[in-house]
Amino acid sequence: MTVPPSIRIETIPEEGLSLELPLDAAWLGAVLADATMRATPGAASKARVRLDLSDKDVILSGSVHIALTAECVACLDEVALTADDEFTLVLSPAASQRAHRPHEEVELTADELDADVYTDDTIDLSHWLREQILLAAPVHPRHEGDCPRPLSPTVPVNGGTVREIDPRLAPLMKLAKKE
């Protein structure tokens with residue numbers, strides 16, 4: 001399994017560092033292990049990243065392109081999807097972050113929402129790319145446009161017409177009958 005590299009801060013040139021990284025299928029499998037989708041076998045998935053120094057901060061920007069296969073939420077058939085996303089993060093040394101007490105409510109400003117920290121003078125690209133891939137993946141994967149054969153669960157109506165109920169709704173039907 002080929003994991004995206006970690007970059008030492010001192011190796012980033014003054015003019016910045018640009019990388020194009022093919023994303024290994026085994027690594028993507030580990031990233032998506034807890035998701036309801038998987039990387040499409042044989043499809044090219046890649047990331048482009050740029051690292052720029054700004055004093056002690058590192059500006060990490062780039063994009064991810066992942067070919068995915070998932071179960072359509074409308075028909076339960078497999079659907080091919082792509083997750084494309086661009087991102088920009090400002091990473092500061094961990095020591096420079098203000099400390100706050102556990103369970104203390106902290107209000108973030110708009111600038112702090114895309115900010116995080118790095119430790120040991122190293123940017124672990126696998127960590128940041130994993131996060132961006134999971135953010136780019138669709139929450140409710142489905143076919144584009146009209147689904148070819150959507151499930152149409154219905155309950156019995158007064159006219160007596162009953163269509164097959166989606167098995168995923170069976171627990172809800174039991175609750176509805178109790179009331």
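Laboratory data are not the source of any read-out in this text; all were calculated from the coordinates shown. Note that this is a predicted model, so its numbers are computed, not measured. Cβ coordinates were reconstructed from backbone atoms using ideal geometry, including for glycine residues, and neighbour counts include every protein chain displayed.
Some notes on this structure:
- Between residue 3 and residue 38, the simple label model (points 7 Å from Cα in the Cβ direction) yields a spacing of 2.2 nm.
- Summarising the amide proton neighbourhood of residue 40: residues at separation of 5 or more, or on other chains, whose placed amide H is nearer than 5 Å comprise 67, 68, 69.
- Summed residue charge, Cβ within 12 Å of residue 141's Cβ, Lys/Arg positive, Asp/Glu negative: -2
- Semi-axis lengths (Å, descending) of the ellipsoid that matches the C-alpha gyration tensor of region 6-148: 32, 20, 13
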